[in-house]
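These notes are about the structure you will find just below.
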Amino acid sequence: MTAVAMPGRPAEVIERLKANPKLPLMLGGAALAAAIAVGVLWSRAPDYKVLYSNLSERDGGAVLQSLQQMNVPYKFAEGGGAVMVPAEKVHETRLRLASQGLPKSGTAGMELMDNQKFGISQFAEQVNYQRGLEGELARSIESIAAVQSARVHLAIPKPTLFVRERQKPTASIVLQLYPGRAIDEGQVAAISHLVSSSVPELTPKSISIVDQHGNLLSNSGNERMLDATQLKYVQALEQNYLKRIEAILAPIVGKDNVRAQVTADVDFSIVEHTDESYKPNQDPTRSAIRSQQVSESSQQGATPPGGVPGALSNQPPAAAVAPVTTPQTPRAGQAPGQAGAPAAGQPGQAGQQGQAAQGAQAGSANGQAGPGGPSSNRRDSTVNYELDRTVRHVQQAPGGVRRLSVAVVVNYRQVADAKGKMVAQPLPPALLAQIQNLTREAMGFSSDRGDSINVVNSPFTVDREVTPEVPLWKQPEMIDLGKTGAGYLLLALLALFAWFKVARPLLRRYTTPPLPAPEARDETEAVLLPPEEPANPEVLRLAAKYESDLALVRDAAQRDPRLVASVIKNWIANDNR
């Protein structure tokens, strides 16, 4: 009796818990309360959103330090690519960090020109301007979706007044692309034109673009190779000619009875030609006068030069001598102007006579001897005529067609024979000639350009694959259907096994009502309470407890006899010890 009534053993505790019908309800209530608590805590947790993403290490450290000073909770996204803060503090935090100048951009723009020091040198100012221009260009390039970061290097030569020493600016660009993204030829050309349009005298040919792997993206070093745009233009041109040819031949032979191919030789070279020619004047009277200059000079009453050439005539005149005697009357044969003149042999007499003779001779030569003395006139005239000049500057645009080659294949015509069977027959020569002429007109045939056309009439062959008949159970569709049905059948079998072997026994165990207490007591129970003993409340309580325990043991023995047998074996083993 004592051994049977001892509580506290693990096996008994387990059996009591299993026998308790309220245990599943208690466990379910506890799980529901835990779920409610978790949901409340999760709802009270703040919702984090991205504050900044793709920050550099320097900017990320500065931003985290500022967040710690502002007591703003933060966390990192998966992979550490973004800093996240509570959703209600995103905008406020961004404004507060912006007031501190965070995050600092890796490139500086024109803000370098805002705080110029007084007395800065021209060289330093030019360097700051170039740095600012490079930063602004880098920011513009980074706005492209595939570009993560960009660096721009400009080589701007110093301006000079000498034309021979002038150099054109150049530029180099390094692009950092996002992982898994690429940049096409059109975007590279757009970047080249963007930079060249921002720097004076910079051409797209002088720009080199390189990605983070060292691949040259710009084709400035290999200009002869066709880029994607040119290849696309050639393909579009060929397709245009092809559609025109098939559209004009389809009503005659049928849409499915004509095939054509066009090969276009396109010239993408840029030719600049400058010609300057001069022609002689055909009619001088009709020539245009560029400039005309006339110079006239006249001189009257001047003493013409006279005397004997040489050193004697260039000597200064002798000193004047006052006459001592009264002037004599002229002698016979002497001119009036010679009265009082020095005698023959005196100095200067021969020179004066020679000058008078020369002056008279000059006056007679001009034919304008007047009362005031001789005169001279001079007239100079210079006329410059315009020359015929022709200057022609021709620039040939790229994309001209140098040659076209067209090949056309026309199917045989289906004609019914005498028996009514459709038979393929070749087209008549007249119809082939019409097809060839129509093709010439559609393609714009030019013999000067060297175009070629070839029209062939041939039957079309259609390759039909003969597939053997496959049994129904070997067809791929039926095999897939069988696999799908087998999967569903396996799931159904697993569900039935779980229901009959696991779920149903558990439900029977916890939902079976306990057995009613026996009404009559056997002889063993009667021995527990002898009639001669007085009724004691403690004894009654122990007896009731024993009866409940005994009922539990009976119930457990009926439900799981193996468990009861193992418990009894353990008790016997413990007693033997």
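Between Val502 and Ser298, what length in nm is gained on full extension when 0.36 nm per residue of separation is reduced by their alpha carbon distance?
Between Val502 and Ser298, full extension yields 59.0 nm more.
In terms of modelled amide H atoms, which long-range or inter-chain residues lie less than 5 Å from the amide H of Gly254?
none
Under 17 Å from a point placed 7 Å out from the Cα of Glu185 along the Cα-to-Cβ direction: which residues of segment 240-272 have their backbone N that close?
Under 17 Å, as judged by backbone N against the label point of Glu185, lie 264-270 of segment 240-272.
List the residues whose amide H sits under 5 Å from the amide H of Leu51, counting only those 5 or more places along or on another chain, with H placed 1.01 Å from N in the peptide plane.
Distant-sequence amide H within range of Leu51: Val83, Met84, Val85.
If I take R0 = 22 Å and measure r between the Cβ atoms of Asn384 and Arg164 in this structure, what FRET efficiency does the formula 1/(1 + (r/R0)^6) give, to the nearest 0.05?
Values: r = 32 Å, r/R0 = 1.44.
The calculated FRET efficiency here is 0.10.
So if R0 is 56 Å, what FRET efficiency would Leu112 and Ile248 give, r being the distance between their Cβ atoms, rounded to the nearest 0.05?
Details: r = 65 Å, r/R0 = 1.16.
Taking R0 as 56 Å, the efficiency between Leu112 and Ile248 is 0.30.
What accessible surface, in Å², does a 1.4 Å probe find on Glu125, ignoring ligands, DNA and RNA and rounding to the nearest 10?
90
Label Ala573 and Asp265 with points 7 Å out from Cα along Cα→Cβ: what is the distance between them in nm?
Placing both labels 7 Å beyond Cα along the Cβ direction yields 10.2 nm.
By how many nm would the segment from Ala486 to Lys232 grow when fully extended, if each residue of separation counts as 0.36 nm and the alpha-carbon distance is taken off? Intermediate values should be presented prior to the final figure.
Numbers: separation 254, 0.36 × 254 = 91.44 nm, distance 5.25 nm.
Answer, rounded to one decimal: 86.2 nm.
What is the gain in length, in nm to one decimal, between Glu441 and Asp275 on full extension, counting 0.36 nm per residue of separation less the C-alpha to C-alpha distance?
Numbers: separation 166, 0.36 × 166 = 59.76 nm, distance 3.60 nm.
That works out to 56.2 nm of additional length.
I need the peptides 196-204, 163-171 ranked by packing, meaning the mean over residues of other C-beta atoms within 10 angstrom, with the highest value on top. List each step's numbers first, then the result.
Details: 196-204: 15.0, 163-171: 12.4.
Order by mean packing, descending: 196-204, 163-171.
Accessible area, 1.4 Å probe, largest first: how do Val410, Val234 sort? Before the final figure, lay out the partial values.
Numbers: Val410 0, Val234 25 Å².
Solvent-accessible surface, decreasing: Val234, Val410.
Would you calculate the separation in nanometres between label points at Val415 and Asp47, each defined as 7 Å from the Cα along the Cα-to-beta-carbon direction?
In this crude spin-label approximation the distance works out to 8.0 nm.
Could you sort the peptides 539-548, 27-36 by per-residue average Cβ neighbour count (10 Å cutoff), highest mean leading?
Details: 539-548: 12.5, 27-36: 10.1.
Ranked by mean Cβ neighbours within 10 Å, highest first: 539-548, 27-36.
What ranking, highest mean first, results for peptides 482-490, 253-261 when packing means the other Cβ atoms within 10 Å averaged over each residue? Don't skip to the answer; put the middle values down first.
Numbers: 482-490: 9.9, 253-261: 15.2.
My ranking of the peptides, most packed first, is 253-261, 482-490.
Work out from phi, with θ = phi - 60° and the Karplus expression 6.51 cos²θ - 1.76 cosθ + 1.60, the ³J(HN,Hα) of each residue of segment 86-103, listed in order in whole Hz, and give x for Gly and Pro.
x, 4, 6, 10, 5, 5, 4, 5, 5, 5, 5, 6, 5, 5, 8, x, 10, x
Whole-Hz ³J(HN,Hα) for each residue in segment 193-210, computed from phi via Karplus 6.51 cos²θ - 1.76 cosθ + 1.60 with θ = phi - 60°, x for glycine and proline: what do you get?
Residue by residue, segment 193-210 yields 5, 4, 6, 5, 7, 9, 10, x, 6, 9, 9, x, 5, 8, 10, 10, 10, 10 Hz.
Given an 8 Å cut-off on Cα distances and at least 6 residues of separation, report the relative contact order of segment 111-229 as a percent. Can you show the working numbers first?
On the way: 137 pairs, mean separation 22.7, N = 119.
Value for segment 111-229: 19 percent.
Along segment 173-178, what does the Karplus equation 6.51 cos²θ - 1.76 cosθ + 1.60 (θ = phi - 60°) give for ³J(HN,Hα), rounded to whole Hz, x for Gly and Pro?
Couplings: 10, 10, 10, 10, 8, 5 Hz.
Not counting ligands, DNA or RNA, and with a 1.4 Å probe, what is Phe460's accessible surface area in Å² rounded to the nearest 10?
In the full protein context, Phe460 sits at about 70 Å².
Name the residues whose placed amide hydrogens come within less than 5 Å of the amide hydrogen of Gln148, ignoring near sequence neighbours (fewer than 5 apart) on the same chain.
Amide H neighbours of Gln148, under 5 Å, 5+ apart: Gln176, Leu177, Tyr178.
The values are calculated or read from the model by the stated rules, or taken from the named source; none is laboratory data. Since we're looking at a predicted model, the values are computed, not measured. Heads up, the Cβs are rebuilt from the backbone with ideal geometry, glycines too, and the neighbour counts pull from every protein chain shown. Note: accessible area is taken over every heavy atom of the protein model, side chains too, but ligands, DNA and RNA are not part of it. Shrake-Rupley method; radii C 1.70, N 1.55, O 1.52, S 1.80 Å.
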